[in-house]
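K.L.:
Questions regarding the structure given below will be posed in turn.
The values are calculated or read from the model by the stated rules, or taken from the named source; none is laboratory data. The structure presented is a predicted model; accordingly, all values stated were derived computationally and were not measured. Quick reminder, even Gly has a Cβ in these numbers, built from the backbone with ideal geometry, and neighbours come from all protein chains shown. Accessible surface areas use protein heavy atoms only, side chains included; no ligands, DNA or RNA. Shrake-Rupley method; radii C 1.70, N 1.55, O 1.52, S 1.80 Å.
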Amino acid sequence: MTGLPAMHPGPGPVPVLALGDVLLVTLQGELHDGAAEQLQHDISRRIASSPVPVTGVVIDLSGVEIIDSFLGRVLAEIAASARLLAARTILAGMRPAVAITLVELGLTLPGLSTALNVEKALSLLGRASSAAPTAHLEEGA
Amino acid sequence: MHAPITSTTRLPIGSDADLAWVRQQVRQAAADLGFNLVQQTKLVTAASELARNALVHGGGGHMEMTVLAEGAHRGLRLSFVDAGPGIRDVELAMTDGYTTGGGLGMGLSGAKRLVKEFTLDTRPGQGTTVTIVDWVSGLPAPRTGAP
Ligand SMILES: Nc1ncnc2c1ncn2[C@@H]1O[C@H](COP(=O)(O)OP(=O)(O)OP(=O)(O)O)[C@@H](O)[C@H]1O
Ligand SMILES: [Mg+2]
């Protein structure tokens, strides 16, 4: 069920991949606070310095077992700064248990778009070959 | 409520690596006890909030994790202990959105909503201990923090 068992904590930096005009970030297992903050800076820098204008940032959360208020704030800030740089952020693949917990914690992450998986996120950003855009996107304020 | 203690583990809270370790250990213990995935996730999230508070606001401390047994029921008690400045106005600190540190101010109030039992013991100048208890679902425990 878990793609990767949460092995040792991953203190290292999180890679940011460029897929054309979209940045793809895959979070997995344990993310240290420092690495989360580093990621926030990395994404802004990548958007600002990209040769191709970045239109979207997709953050794959399918390997993330918990989101607490710290990581929630980091995700919201990534989306806010990406938006100022004209890119849209989509959270992909959040696990149901994580979503339930976030709501009870009181974090609804307003303004963040979500998609069931990376493929759907990319198609929301207009990057998929599939013709039928079945977008049930929630427009956050 | 006089559950016999079956085992206690003590983990330091002194760095963000320690927070990750606390989350893993709580996850493991909760899974071993038979908490379902949603319960595990809530408990680990609450633990992450309280451990971070002990680190950030309390200047570090430790967590004590105790397995509880009451008849056939199994539970987990987690205490987050620091010797920091304490909380002057607990009611205010427990308010959604209240923060003195540039956070979201959801940690304390949110953690309380995520578990069955929540107690906060603090003395200005001496420190803070927050204790949470959760039972593997099935026990008719007193409900707190109902919406
Ligand atoms: N262990 C502690 N020692 C001293 N003060 C604390 C402690 N825990 C919480 N507080 C105080 O209570 C306030 C609210 O805590 P809470 O966890 O709800 O929010 P936060 O930590 O500021 O932000 P976040 O949403 O990121 O958790 C804190 O800003 C701090 O002033
Ligand atoms: Mg907090």
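Here's the yes/no breakdown for (1) within 15 Å of ligand 2 (Cβ to nearest atom); (2) among the hydroxyl-bearing types (Ser, Thr, Tyr):
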residue: B:His57; (1), (2): yes, no
residue: B:Leu76; (1), (2): no, no
residue: B:Val90; (1), (2): yes, no
residue: B:Thr100; (1), (2): yes, yes
residue: B:Leu108; (1), (2): yes, no
residue: B:Leu120; (1), (2): yes, no
residue: B:Arg123; (1), (2): no, no
residue: B:Gly127; (1), (2): no, no
residue: B:Val130; (1), (2): yes, no
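K.L.:
Okay, next question. Inspect segment B:60-82 for any residue being touching a residue at least 60 places away in the same chain (Cβ under 8 Å), open to solvent by 20 Å² or more (accessible area, probe 1.4 Å) and within 12 Å of chain A (Cβ to nearest Cβ) and give the result as yes or no.
P.N.:
no
K.L.:
A further question follows. Based on this model, can you work out whether A:Pro133 counts as modelled with pLDDT under 95, within 16 Å of ligand 1 (Cβ to nearest atom) and more than 11 Å from chain B (Cβ to nearest Cβ)?
P.N.:
Numbers: modelled with pLDDT under 95: yes; within 16 Å of ligand 1 (Cβ to nearest atom): no; more than 11 Å from chain B (Cβ to nearest Cβ): yes.
So A:Pro133 does not fit the description; no.
K.L.:
Still on this structure, please answer the following. So which pairs qualify, if the first residue must be in segment B:38-52 and modelled with pLDDT of 95 or more, the second must be β-branched (Val, Ile, Thr) and within 11 Å of ligand 2 (Cβ to nearest atom), the Cβ gap must be under 9 Å, and the two must be at least 6 apart or on different chains?
P.N.:
Partner pairs satisfying both residue conditions: B:Leu50/B:Val130.
K.L.:
I would also like to ask the following. Being farther than 17 Å from A:Val118 by Cβ and among the aliphatic types (A, V, I, L, M) is the filter here; which residues of segment A:68-91 pass it?
P.N.:
Going residue by residue through segment A:68-91, those that are farther than 17 Å from A:Val118 by Cβ are A:68-74, A:76-77, A:80-81, A:83-86.
Hits for segment A:68-91 are A:Leu71, A:Val74, A:Ala76, A:Ala80, A:Leu84, A:Leu85, A:Ala86.
K.L.:
Moving on to the next point. Could you say whether any residue in segment B:8-24 is among the aromatic types (Phe, Trp, Tyr) and either open to solvent by less than 30 Å² (accessible area, probe 1.4 Å) or within 22 Å of A:Ala99 (Cβ to Cβ) (or both)? Give the derivation first.
P.N.:
Keep residues of segment B:8-24 that are among the aromatic types (Phe, Trp, Tyr), which gives B:21.
Retained after the next criterion (residues that are either open to solvent by less than 30 Å² (accessible area, probe 1.4 Å) or within 22 Å of A:Ala99 (Cβ to Cβ) (or both)): none.
No, every residue in segment B:8-24 fails to be among the aromatic types (Phe, Trp, Tyr) and either open to solvent by less than 30 Å² (accessible area, probe 1.4 Å) or within 22 Å of A:Ala99 (Cβ to Cβ) (or both).
K.L.:
Related question: Give the number of residues within segment B:117-135 that are more than 11 Å from ligand 1 (Cβ to nearest atom), surrounded by 19 or more Cβ atoms within 10 Å (Cβ to Cβ) and farther than 18 Å from A:Asp68 by Cβ.
P.N.:
2
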